[in-house]
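To keep things clear, I will list the structure first and then write my remarks on it.
Just so it is clear, none of the values below were taken in a lab; they were calculated from the coordinates. Because the structure is predicted, anything quoted here is derived from the model rather than measured. Neighbour counts are summed over all protein chains in view; Cβ atoms, including those assigned to glycine, are modelled from backbone coordinates with ideal geometry.
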Amino acid sequence: MDENHIVGAAVAVADANEVLYAKGFGVKDLETGEPVDPETIFGCASVSKSFTAMGITQLADAGLLSVDAPVIEHIPEFRLKGAGDMSAVKVRHILSHTTGLPPMTRRQDIIDLDEHVRYIAGADYELLGEPGDYFSYCNDTFLLNGLIIQRKGDQLYRRYMTRNILDAAGMNRSTYNLEELEKLGNLSTPYVYNRKEEKHEKQPWPVLGTYEVGGGVRSCVLDLMKYGQIYLNGGVANTGVGIASSEGLKRMWTSPMYPTGRKTWYNFGLQVTPDYAGTGVTLAEHGGGQPGVSSNFGFVAQRGITVAVLTNVTGVPAGAIWLAAVNVALGLPLHTKKSVEVDCGASPRELSRFTGFYRCDEGGQAELFMDGDALIVRREGQEFEAKASDERTLFFEAMGQQQVFRFYFDESRSVGGLDSTSKPWAVLAGSRMLRRIADSPVAPERLST
């Protein structure tokens, strides 16, 4: 925990019937020194996306929608600038970040989902491609699922989700409502670690506006075990309430939409890894990050296991902690990985074609430049030496994990395939597509924009 500047964390593991392990580590607040316990509430951030996908599944079970229907069937006013036939954008595309819309400038001041539809229609952006062509996180199109839930469920999104998932599953220490947090008590304090000054900085609980659809659940690991058990018990919560059909929930993690790595896919609010480590089982999970939040939740349905990790510091390896807990539960070596990139021995000239400055409107950016024969990635104030594992993929080590960048090239301009001078037009850095906007080196003032 000290190595990664984690202030507090909680971990829980459960099977279909009971909690097998639950423990808090570190403290909720650096000033009070109060210890974390399994009922301590943290932000869940994008772990919330699977909750929304479950809400869509409920409505599909009721015959109120189909994930293969056009979004405009439910939101007729939905428009993407530069798109042709809007009926090509299906509900499954907004569930899986494959609409073609890149990450947008974040507008947390918008609190009305209808207004957010107008923001998407009027904003300035260039589409990545046609629906289904590319995966790239876009919180702005994902939140359209919340508007569909609101319209088809005939009540406010937050009210629908609270009644039909949180309350129905007995998740009594979980909420979308910031005003309820103080009443619930036993809260973690969110922190960001300032690497330059080598200190933690306290953060307010984020006010998300319409982005609560993809990041608004605040919960504890014990409640997340109740949530995970819904998937393990065929859609039935341990309260005895039927939440969703077994078939509907299974579609969330067995209908791969787009590959996000060598062995991982993004489905409906969940990332999946089929045949993990040759075991024949599928990992279904989602991580999350906000100011003062790093989280990871998921399950292994074939083995009847669900695991959650919550922490109160931005940018710490909650996913690695989660995977280690899963490995223990599955009886695998602790450090088993989903996949491992291997240096292919690219020459400095071959590495140099990846150089450039990449960014998206949401704020993510990366600069890649040569330092002698080494390719350096500069991101979030840190620098890492990158290696190539093939002609489209770079990797580097950060916080004890491999970080992978997958590049896209305009092959229509290449004759006979890629060569050492071909330049990428974009990179999938983690879960977000960043466009290449300039050569490297980049002027320092450009990096601060």
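Between the listed residues 153, 123, 87, the Cα displaced farthest toward the positive end of the dipole of the stretch 76-172, a dipole computed from Cβ unit charges relative to the Cα centre, is found at 153.
Length gained on full extension, residue 347 to residue 383, computed as 0.36 nm times the residue gap minus the Cα-Cα distance: 10.9 nm. Across the stretch 31-113, the mean sequence separation of Cα contacts (distance under 8 Å, 6 or more residues apart), normalised by length, yields a relative contact order of 21 percent. Going from the residue with the fewest nearby Cβ atoms within 10 Å to the one with the most, 174, 66 rank 66, 174. Counted by neighbouring Cβ atoms within 10 Å, the residues 299, 142 run from fewest to most as 142, 299.
Comparing mean-square fluctuations of 307, 293, 27 from a GNM of the chain with C-alpha springs under 10 Å, the top value falls on 27.
If I take every Cα pair under 8 Å that is 6 or more residues apart in the stretch 239-362, average their sequence separation and divide by the length, what percent do I get for the relative contact order?
Relative contact order for the stretch 239-362 comes out at 13 percent.
Full extension of the chain between residue 130 and residue 439 yields a length gain of 108.6 nm, computed as 0.36 nm times the residue separation minus the alpha carbon distance. Length gained on full extension, residue 196 to residue 263, computed as 0.36 nm times the residue gap minus the Cα-Cα distance: 20.6 nm. If you run the Gaussian network model on the chain, springs between alpha carbon atoms under 10 Å, then out of 398, 169, 14 the most flexible one is 398. Taking other C-beta atoms within 10 angstrom as a stand-in for reagent exposure, 166, 181, 249 fall in the order 181, 166, 249, fewest first.
Separation of the stretch 141-161 and the stretch 203-236, taken as the distance between their Cα centroids, equals 15 angstrom. Here are several values of Kirkwood radius over Cα pairs in Å: (i) 25.9; (ii) 23.9; (iii) 22.5. Which one was derived from the coordinates shown? Answer label, from the structure shown: (iii). The magnitude of the dipole of the stretch 1-338, with charges of +1 and -1 set on the Cβ of Lys/Arg and Asp/Glu and taken from the Cα centre, is near 540 debye. Considering helices alone, the calculated mean residue ellipticity of the chain at 222 nm is -6000 deg cm²/dmol, with DSSP H runs of length four and up weighted by -39500 (n - 2.57) and normalised per residue. Structure note, pairs 28/202; 263/338; 23/226: Cα-Cα distances above 18 angstrom do not occur. For the stretch 1-338, calculate the relative contact order in percent as a whole number, restricting contacts to Cα pairs under 8 Å that are 6 or more residues apart. The value is 24 percent.
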